[in-house]
Amino acid sequence: LEWNDFKNNFHQHMLPPDHQYCKYVALLCQPLVEASGLADELEWEAVVTNLNELNAMVLPNGKIIVHGGLLEMLKDPELISAVLAHEIGHVVARHGAEKMASRAFFFPLQIFGFLITMISGMPVDYLIDGVSTYLLHLPNSRTQEHEADHIGLMLLAKACYNPEAAVKVWDKFIQHEKETKQRGGGPTFMSTHPGHEKRGKLITSLLPEAQTLRDSSGCAVYTDFNENYYNIIQQKRRRTA
């Protein structure tokens, strides 16, 4: 997904930059972007939509897109920061470039499959698409998600957030799915995202490493500025509701 494509498809759902949610997400992103070492390499921007979706994503150009439904469900600033750290982790790991390279690799095969299908009438193109999905895209996507989880956890620690928030995020998703009686997108082996419980366990195993990094990052005095800011905007929302 490119930025221009996103704007064309979702411009009517994008909140203005001066909206309290946009300012809030930008505030939470700032220490994470600085911790990434890429603060000056991209034009980072927090973009929030009014869509009631539990999702966030980041584009290779530094646009961090968060849907309003996710903010409403998580509420806690450190949980939101954990999701943002994960998304920024994708940029640090250059996953956008990897996906483009994998598409370029399979593009000639897809063209070949399309031509064979046109000539013979056999659905070879669907077969090639299926093979590329199950042999390359799904495994690579799950690997990238694990890498982004790991990098995101370290970004949280370096930015002086609580690394344990990354575990609590997935606990929150598990709780939400139970309450809404929804499954997490099917079995993990058929999903681009590992299951919530599996991710929580993996992140838990990395917490000692993250805590060590946090302790060495000058985080002994941790301000609650982000939490106070969130409480302020929540009060404003209640007054204007």
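For the residues Glu34, Glu43, the requirement of being in a helix (DSSP H, G or I), surrounded by fewer than 23 Cβ atoms within 10 Å (Cβ to Cβ) and not hydrophobic (A, V, I, L, M, F, W, C) singles out Glu34. One residue stands out among those in region 1-16 that are without any contact (Cβ under 8 Å) to a residue 60 or more places away in the chain and closer than 12 Å to Lys63 by Cβ: the one that is nearest to the chain's Cα centre (by Cα), which is Leu1. Restricted to helices (runs of 4 or more DSSP H) entirely inside region 49-167, those with at least 2 residues that are more than 30 Å from Glu209 (Cβ to Cβ), at pLDDT below 90 and among the charged types (D, E, K, R) are 124-132.
The values are calculated or read from the model by the stated rules, or taken from the named source; none is laboratory data. The structure presented is a predicted model; accordingly, all values stated were derived computationally and were not measured. Virtual Cβ from ideal backbone geometry, glycine too; neighbours counted across all protein chains shown.
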